[in-house]
1. Just how much of V167 is accessible, in Å², when a 1.4 Å probe is used and the result is rounded to the nearest 10?
2. Over the Cα atoms of segment 201-257, each weighted equally, I'd like the Debye log10 I(q)/I(0) at q = 0.17, 0.20, 0.28 Å⁻¹, rounded to two decimals.
3. Please grab the % of Cα pairs in segment 386-532 that end up more than 18 Å from each other.
4. Determine the calculated [θ] at 222 nm for the chain from helices alone, applying -39500 (n - 2.57) to every DSSP H run no shorter than 4 residues and normalising by the residue count; nearest 500 deg cm²/dmol.
5. Starting from the Cα coordinates of segment 256-311, work out the convex hull volume and express it per residue in Å³.
6. When the expected Rg is taken as 2.2 N^0.38 Å, what fraction or multiple of it is the alpha-carbon Rg of segment 285-397?
7. If Lys and Arg each add +1 and Asp and Glu each add -1, what is the summed charge of the other residues whose beta carbon sits under 13 Å from the beta carbon of Y409?
8. To the nearest 10 degrees, how steeply does helix 462-486 sit against the main Cα axis of the chain, on a 0 to 90 scale?
Amino acid sequence: MRSGKGILVLLLAAMAGQCGVLAANEAAKASPEQLEFFEREIRPLFVENCYLCHSEHHKEAGGLRVDDFRALTDGGNSGAAIVPGDSANSILIKRVTHSDDGKTMPPERRLSEEQIADLKRWIDDGAAWPPLVVPADVDQTLEAGVELYKSLKENHWAWQPLQKVDVPKPSEDSPLANWPRDDVDQFVLAKLQENDLEPVADASKAVLLRRLTYDLTGLPPTESEILGFLLDDSTTAVETVVDRLLDSPAFGERWGRHWLDVARYSESTGSARNLPYPHAWRYRDYVIDSFNSDKPFNKFLQEQIAGDLLPANSVSQKREQLIATGFLALGVKDVNQRFQVRYDMDNVDEQIDTVSRSVLGLTVSCARCHDHKFDPITTRDYYALAGIFASTELCDALRNQMGGGGLAYYVPARLISLSESATNEPDAELKQTIELKRAEAQAARAAFIKVRDRVKQKDRGAEHAKLLQKARQEMQRAQAELVALTDPAKSGPVALGVRDSAKVSDTEIRIRGEAEQRGPIVPRGFLSVLDHVPDRSIEQGQSGRYELAKWLTDASNPLTARVAVNRIWQHLFAEGMVRTVDNFGSTGDEPSHPELLDYLAQRFINEGWSFKKLIRRLVLTRAYQLSSEGVEASIATDPSNRFIWRHAPRRLEAEEIRDTILFAANQLDRSRPNGSPADELPVREIRNNGPEASKLLTVAAASSYRSVYLPLLRGIVPNSLEVFDFAEQSLVTGRRTNTTVAPQALFLLNDSFVRSHSVNVVRRLNASEKDHRAKVVDAYRLILNRQPSSDEIQRAADFIDEFLVEYTSIQSELQADAEKFAQGIQEEIDVETENSGTAPAAVEKNEKAAKQQGKKGVQELTAAAAPRGWSGCRD
């Protein structure tokens, strides 16, 4: 077929010299005659015969596209479609010349001998392809930008090396000279005096114990813990409590949850088709155990970035490190993306965003399409990191494809086996069975697609609907049988994570972020903005994740320690010294105490990157132990408490509220469950209103485990957590939102979880023979860990008295109504019996009416007895 098209490519080549540079690829050196031949003969051939199944605007059948040069040379599921210069070894030629009509391409017809000859000539001549025109502003910063970037690199505080700072000392004649208990207090006091502020008095022992217990464990103190602390008059009483709380398993559950917020932890993909991650809970448990064992934070990060590449001293340590890499695998994924290259680059972008925000507090993903508008992070920096992650295989058991039912998205081979025998190969007989089942599954899927397409295009009757249903069932049966043979989860423990790809290489800048628009290749590397951190050459044949993990945690990297310390500070003082905890860039906040931040970051590194040591030090400071009392003058000067003149009160978080309800009801199970309810889900699409979601929410509502162990799927969060500003599971969430909205009050008044456990609390209080005023005191001590004031006791007593009067009145009315109703029934029965000798109709009618009346009475009594909701505050 001759199209007459051609000379356009010459115009494009002429324009390239004015518009930018040409992307580097194998076709860049093609002659004008070769390019003209491609445009005149080859592209029209592809458009007419191949585009319907293998192009951007249609689909990517078999993982192959013919409208993109790199897609052709990288190939689809069967390998590279063309080998430039060698048509004999090009799969494309083998398929268009296949002797079996059922396997030849295009389907249902053959290319002419002339067309096949053109394809062979094109490939043997080097497979000429019009080079991509790269805009002039790609991979180079304009002159104005160079100066701006230079200024930002030199002046913005965040990426400067950690500064050695001297601890300030108050003058000896200052009335607050003896106020500090620690060097941290010296920094705080210096800033207070600089702003003419004075600290408030210390918190009471009872308030301090509640604060410490919630902050370190997420739970309230028990009655015996309160009593023991109040009776301990030693100078080490607070230290003793702090050490006990840090050693508690509840510490890892509380502080591990903080990191899970940052790690955007979830048990499903979210996005267009929400598929479960059945084994994600292993990462959750790894995080909790790491905090409880006080694993050094630098090691903790290294394991999550490159645990599979780190040396291990035992099988258990190796398993732990493999599970840790789930950090990179648990993000949002659009499995419904039809094009593999876009799916891969979107996942790379998600990983870059997660790592850069969580570890460095930088928004590196802004440089995917262009140089960062506000920070000195170039597109080249972005793709230097992208090469590392593009050379990393996601082991999340998923594939992408446009549409699919049943287990179509599930690829069990993409799981990490934790069994010691994981390297054992299946025997020859099993291999043969697997191959037969794989072929059967592929054939069933092809048959389903064929029927589906026919129904879409032509037939919509009931008969064809039955055919479609039968084809779908057959496909799903074949998928399930294949999974049963190949799923490593059937024979041992598995985890989600990552490993180096079989193909490791640098990647190209993608023009305007478009995955197929490939510009110059960028060597794998790290951010140039931190050029004072020693560079690490990436080992040949490896992705570079090992080197990235070491670079991120190098002691000279100022951001990693600053970001970590700031997160700890926020969780103890309600706000970070840098309030934008996930953004240390030029659009983020300036630190309130820059010298203190660097001082603590240096101490953090020098003391072995220990979370427990830093937390212990901070909670023993005078600043942490201040009262939350408000002082009018100080509020006027510093309304947000930026300089720590008091301890800022905070609302309990979602998990703390739920766990406290269970605690007060004496129903809290403090053990760790084995796995997660989500690990029983098959890997198929979950609908938000479907049976799987309903079942998980029911399980969550009935669970008595701590909230950190509830099943957490994207878009399907238990009500008890969602209503109180639970973390956004699709993004790095270093700081949760804090809202006060009507649904929170409605939840505490009406939700079955709250109502049922309110009854349990009442039963617990009613176990004693005390009067209701004494029980009010017990309730305050149980739930709020303090004695109520006399006014609070009186208000509660008045409420109970009023309620009892109302309740008794309703009971009396119902009793009178019941007696009157029973009397009427008896009269009707007597009449019926007298007239007919039996009374079956009257009895049946009146029994039904009696049940309805009884139901109404129960509802009225329940409404009268409805428990009033409550909300909590740590202080």
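1. 40
2. -0.51, -0.70, -1.21
3. Value for segment 386-532: 71 percent of Cα pairs lie more than 18 Å apart.
4. Numbers: 33 runs with 425 residues, N = 875.
Value at 222 nm, helices only, nearest 500: -15500 deg cm²/dmol.
5. Convex hull of Cα atoms, per residue: 97 Å³.
6. 1.17
7. Details: positive: R273, K333, R338, R399, R414, R445, R684; negative: D334, D396, E685.
Net charge around Y409: +4.
8. Taking the Cα atoms of the chain, the angle to 462-486 is about 90 degrees.
The values are calculated or read from the model by the stated rules, or taken from the named source; none is laboratory data. Everything numeric in this text was worked out from a predicted model, so none of it was measured. Using ideal geometry, Cβ is built from the backbone for each residue, glycine included, and neighbour counts are taken over all protein chains shown. The accessibility values were calculated without ligands, DNA or RNA, using every heavy atom of the protein model including side chains. Shrake-Rupley method; radii C 1.70, N 1.55, O 1.52, S 1.80 Å.
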